[in-house]
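Below is one structure, written out as C-alpha cells; comments come after it.
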Amino acid sequence: WSSDVCSSDLGDADCALIGGRLSPRDLHAGLLETPLGVELFGLVTADLPGLRSLTSQEVRGIFTGALRDWSQLGRGAGPITAIVPADQRTHERAAGALISGDRFSSRCLRADGEPALASMLADHQGAIAVTRLTAARRAPAQRVLEIDWTPHSLDAFRRGTYPFGVPLQLITSSTGAESAAPLLRFARSAAGQEHLGRHLMMSR
C-alpha cells in the first residue's frame with residue numbers, strides 16, 4: 001500500500017489505502033481516515049536464552065551495524081547476525097518504524113518470507129530478525145523480544161508505549177465514503193480479518 005496520500009492524489013477514486021496518517025492539511029481538505037489495523041514490527045530470536053528485551057537504542061545499533069558482537073551488549077562473545085525483510089517496501093516500512101531516520105545496514109541478511117526467516121534463524125547462531133507481528137502463532141523455537149521492556153500489542157501501539165508500527169488507513173473523501181462501505185464491511189468481516197490479519201494486527 002502507499003505510504004502517503006494527499007487530497008489531489010485521490011482524484012476520482014472512491015478510496016485509498018495508506019500506511020500512515022493524514023496530514024492536517026488533508027483532513028482540512030475533507031479527506032476522512034478509518035483505521036483498519038497496524039502493520040506491527042518486532043524482533044524474534046531462536047537461540048538467545050535469557051534475552052527478554054532490548055532498548056530502542058540497542059535495536060538501532062544492531063540493525064545499523066554499529067553493534068556487531070553480543071559482547072558489546074554484555075552477553076558474551078559471538079557475532080550478531082541481523083536479519084531484515086527482503087521485500088523492499090516492507091524493508092523500508094520496517095526501518096521507518098524501528099530505526100526511524102536510519103537505514104538497515106547492508107550487512108543485514110534478507111529473509112524472503114517467514115519460512116526463509118525461520119531457516120536463517122536456525123542456521124545462524126546469535127541471529128536476531130525483524131518481522132511483522134500478527135495474531136498468528138510463531139514457530140515454537142522463536143521468541144518475540146520486548147523493546148524497552150514493553151511487549152507488543154495493538155493497545156500498546158495505540159498508547160504509544162510500543163510505537164514500532166505503521167497504521168493502515170482507509171482514506172475516503174466526504175463524497176466517496178458510501179462507495180467505500182463494502183470494502184470497510186469486508187475488512188471487518190471474519191473473512192476480511194483473516195485475510196488482512198496475515199499481515200496486520202487488526203482493529204475491530
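Out of the chymotrypsin sites (Phe, Trp or Tyr not before Pro) in the stretch 5-107, which ones are loop residues according to DSSP with at most 10 other C-beta atoms within 10 Å?
On the way: sites: PHE41, PHE63, TRP70, PHE104; in loops: PHE104.
Filter output for the stretch 5-107: empty list.
Relative to the longest principal axis of the C-alpha atoms of the chain, give the angle of the C-alpha long axis of helix 177-188, reported between 0 and 90° and rounded to the nearest 10°.
The angle comes out at about 40 degrees.
Quick check: with the 1.4 Å probe, what order do ASP69, ASP123 take by accessible area, largest first? Each step should come with its number before you reach the end.
Working: ASP69 40, ASP123 110 Å².
Sorted descending by solvent-accessible area, the residues read ASP123, ASP69.
What angle, in degrees between 0 and 90 and rounded to the nearest 10, separates the Cα long axis of helix 114-123 from the longest principal axis of the Cα atoms of the chain?
10
Of the beta bridges DSSP finds with both residues in the chain, what % are antiparallel, to the nearest 5? Before the final figure, lay out each step's value.
Values: 26 of 35 bridges.
Antiparallel: roughly 75 percent of the beta bridges in the chain.
Report, in deg cm²/dmol and to the nearest 500, the calculated mean residue ellipticity at 222 nm for the chain, where each DSSP H run with n ≥ 4 adds -39500 (n - 2.57) and the sum is divided by the residue count.
On the way: 8 runs with 64 residues, N = 204.
For the chain, the value works out to -8500 deg cm²/dmol.
Taking only protein heavy atoms and a 1.4 Å probe, what accessible area per residue, in Å², does the chain have with all protein chains in place?
On the way: 10910 Å² over 204 residues.
On a per-residue basis, 53 Å².
What trypsin sites (Lys or Arg not before Pro) does the stretch 120-179 have in DSSP loop regions with at most 11 other beta carbons within 10 Å? Don't skip to the answer; put the middle values down first.
Details: sites: ARG132, ARG137, ARG138, ARG143, ARG158, ARG159; in loops: ARG137, ARG138.
Those satisfying the criteria are ARG137.
Heavy atoms only, probe 1.4 Å: what % of the accessible area of the chain goes to carbon and sulfur, would you let me know?
It is 50 percent, rounded to a whole number.
Considering the values (1) 61, 33, 29; (2) 49, 40, 36; (3) 88, 44, 36, which represents Cα extents along the principal axes in Å as calculated for the structure under consideration?
Derived directly from the coordinates: (1).
The values are calculated or read from the model by the stated rules, or taken from the named source; none is laboratory data. Quick caveat: nothing in here was measured; it's all calculated off a predicted structure. For neighbour counting, all protein chains shown are included, and Cβ atoms are generated from backbone atoms with ideal geometry for every residue, glycine included. SASA here: full protein model, heavy atoms, side chains in, ligands and nucleic acids out. Shrake-Rupley method; radii C 1.70, N 1.55, O 1.52, S 1.80 Å.
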